[in-house]
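Have a look at the structure below, then the notes.
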Amino acid sequence: MAAVENPLLQDFIFPPYDVIEPNHICPAIEALLIELEKDLDELEKTVKPTWPGLVVPLEKIIDRLSVVWGIVNHLNSVKDCPQLRATIQLVQPKKVGFQLKLRQSKLIYMAFKAIRDSSDWENLSDARKRVVDLKLKEAVLYGVSLEDTSRERFNEIEQELEKLAQQFEENILDATKSFEKVITDKKELEGLPSTTLSITAKTAIDKGYENATAEDGPWIITLDGPIYRSVLQHACNRSLREEIFRAYVTRASDGPLNNTPIIERVLELRLEKAKLLGFKNYAEVSLEMKMATVDKAKDLIYKLHEASWGSAIRDLEELRDYAREKGAQEANDLNQWDINFWSERLRESRYDFDEEELRPYFPLPKVMEGLFNLTKKLFGVDIEPADGTAPVWNKDVSFYQVKDSSNAPIAYFYFDPYSRPSEKRGGAWADLVVGRSGVCSSDNTRPRLPITNIVCNLTPPTKDKPSLMTIREVEAVFHEFGHALQHLLTKQDEGLVSGNQGIEWDAVEIPSLFMENWCYQRETILGIAKHYESGEPLPENTSLRILRARTFRAGTLLLRQLRYASVDLELHSTYVPGGLESIYDVDQEIGKRTHPIPLLPEDRFLCSFSHIFADKYAAGYYSYQWAEVISADAFSAFEEAGLENDQSLREMGRKFRETILALGGGKAPNEVFLEFRGREPTPHAFLRYNGLLPTIAAT
Ligand code: ZN
């Protein structure tokens, strides 16, 4: 097929998601790379150490590849199929090869250096200075200064790492899909909420049990996120919980889908890469482009551990006491699969609300309406449905436009809400489709407007019910929306540092975690919680109980995160691949410090730890805690201004928008925070929200 007819290569305002087929990808990427190779050759021949002579043409090359590959990558995450996988496997090495060539270009590197050393340097804007510094650092970390043979080896490593990441993710998806348990006796499902019964019966219908009903079954239990969590929290059947828990924490850990050898190889290659670049370990490489250093990250983990361990021990004692009180046989022998179940029961009794029974108060459309109202109040922008304006990849995807106070569109986003285990990967995320850019605009008079995706895995609606959410799901939507806001409301016209591009990775979670805080603010909850049938608001005292329950088991939950952050840093700093200790030994050792009930010896959570083996968080999982401390501190500025006072919220919102949401990677994140808050961040607010501030002993 001629390249001009290929939808992936045509000029578009919105990507033609509805007509892109897997068979378009290979010819499109091949033709694109030939075109970009030519552009790169031309740039190297003509490069000058000036903005128009270097950065403008370079940004165009980088942008073109990232937009087209972004679409491919997005379809890979939401429309997985064997043909798509095979195609990606075929073209990925070529794409990686081109990116390496671009990042290792000596001529481009020298031109950036010349700008850095020129007398004009001081006249550059902050954002342009950041672009130059980031590009210089990136080139070094991609091996621009290596000798030829070392660089060849470096490139082989990069190619292999990319392939392993793709394989790692595919194995998890396949392993998750391969588990199913058919249940025909309703007694076995005692305790499960009606939503779960409906979805598991619907799964049964999809899998050929035509007459399955929520009432009479059969039901099929899978490891899909909403089902897994529901079984662990609500199934009275302890052996069912155990079976599902074990299946979940051992996903992709044996047989042909085993991720263990992939992890070992990844760690080995990352260490080799670090050494080639002259670093001691991979953590040092990763932290080069972050706010923290290895020591500062470890120090934060240590301090948060100190603040939470005692409270996690108390949490466990309380749970045991409660289970004992309820006459549970397992009370003295609580295991991993009992924790969620009993803590749900304890939460219900202590705070007198049942997360499941609250679902009807959180129908997705109302939650989105509340979120958009909040966004308007804080940041002064309107979000309007614009379905039909842009093509979508699935009928459930909706499309929105964001308008500023002059009623002109400033950004767009897609929202893909529901879980589709057969083709969509788990979790939730927000991705850039195209970023704001002065250079990559088709209109000379204004920059290109940003577009993002927001993808979640919420419970799908049924014939008579919209998607009904738990508070935690509401929190997840707010989180991803926070990421999207940083892209959508950026005012940065330098495309290489607009939105969250060029931001140190450990600062990227600041707006997302910041938005989560609003789910625990009275007005916001009352604004979004409306019964889907009656329209009744959530009773005031129930909302107060939700707010009070925020600190429930917060120490335990924080420690769980600290396990992930610690094991990630350990594996990328002190761990010796191929040495005496296995990756699981490291995890078990850390488990002793972070889990009051020991991990199962056969726990293989690492085999599904995509964040660090298939995503961008390698030696960077600590970023969540790092950014959480900062985002809580940012939220406390709104508290200080007065959460009930719309005028002061608007003022503080404007300040937040102009700094954290607007500046993108155009300014160092510590300076951005300083500009917003007027001082350095402290962990006080974070500890307070989690009920972890040390209580001052009475003397
Ligand atoms: Zn996030």
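Here is how the numbers come out for the structure above:
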read-out	value
C-alpha long axis of helix 583-594 to longest principal axis of the chain, angle in °	60
Relative contact order, percent, the chain [alpha-carbon distance under 8 Å, six or more residues apart]	15
Residue-level accessible surface for H572, protein heavy atoms, 1.4 Å, Å²	10
Rounded to the nearest 10 Å², the accessible area of F112 at probe 1.4 Å	0
³J(HN,Hα) computed for each position of region 361-378 - Karplus, 6.51 cos²θ - 1.76 cosθ + 1.60, integer Hz, glycine/proline x	7, 10, x, 3, x, 5, 4, 5, 4, x, 5, 5, 4, 4, 4, 5, 4, 7
Pairs from K48/K94; K101/K296; K101/K163; K101/K616; K94/K163; K275/K298 whose Cα-Cα separation, in the structure shown, is over 23 Å	K48/K94; K101/K296
Under 5 Å, built H, 5+ apart or other chain: amide partners of V433	I451, T452, N453
Centroid-to-centroid separation of region 476-544 and region 237-251 [C-alpha atoms, Å]	33
Cut-off under 5 Å, modelled amide H: who pairs with A411 long-range	V402
Alpha-carbon centroids, region 283-307 and region 397-423: separation in whole Å	35
Other-chain or far-sequence residues with amide H under 5 Å of M469's (modelled H)	F362, L364
Local net charge near L378, Cβ-Cβ under 11 Å (Lys/Arg +1, Asp/Glu -1)	+4
Formal net charge of residues neighbouring D295 (Cβ-Cβ distance under 13 Å; K, R +1; D, E -1)	+3
Distance from region 183-229 to region 646-699 (C-alpha centre basis), Å	44
On Cα atoms only, tilt of 646-656 relative to the major axis of the chain in degrees	40
Formal net charge of residues neighbouring G482 (Cβ-Cβ distance under 9 Å; K, R +1; D, E -1)	-3
Per-residue ³J(HN,Hα) for region 188-194, Karplus 6.51 cos²θ - 1.76 cosθ + 1.60, θ = phi - 60°, Hz, x for Gly and Pro	5, 9, 3, x, 5, x, 4
Most to least packed among 363-372, 670-679, 380-389, 28-37 [average Cβ atoms within 10 Å]	363-372, 28-37, 670-679, 380-389
³J(HN,Hα) computed for each position of region 122-129 - Karplus, 6.51 cos²θ - 1.76 cosθ + 1.60, integer Hz, glycine/proline x	5, 7, 6, 5, 3, 4, 5, 4
Accessible solvent surface per residue of region 161-257, calculated while the other protein chains remain in place, 1.4 angstrom probe, Å²	45
Most to least packed among 308-319, 501-512 [average Cβ atoms within 10 Å]	501-512, 308-319
Rounded tilt (10° steps) of 554-573 against the dominant C-alpha axis of the chain	40
Rounded percent of accessible protein surface that carbon and sulfur make up, the chain, 1.4 Å probe	50
Most to least packed among 120-128, 221-229, 200-208 [average Cβ atoms within 10 Å]	221-229, 200-208, 120-128
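The values are calculated or read from the model by the stated rules, or taken from the named source; none is laboratory data. Note that the structure is predicted; figures quoted are calculated from it, not measured. For neighbour counting, all protein chains shown are included, and Cβ atoms are generated from backbone atoms with ideal geometry for every residue, glycine included. Note: accessible area is taken over every heavy atom of the protein model, side chains too, but ligands, DNA and RNA are not part of it. Shrake-Rupley method; radii C 1.70, N 1.55, O 1.52, S 1.80 Å.
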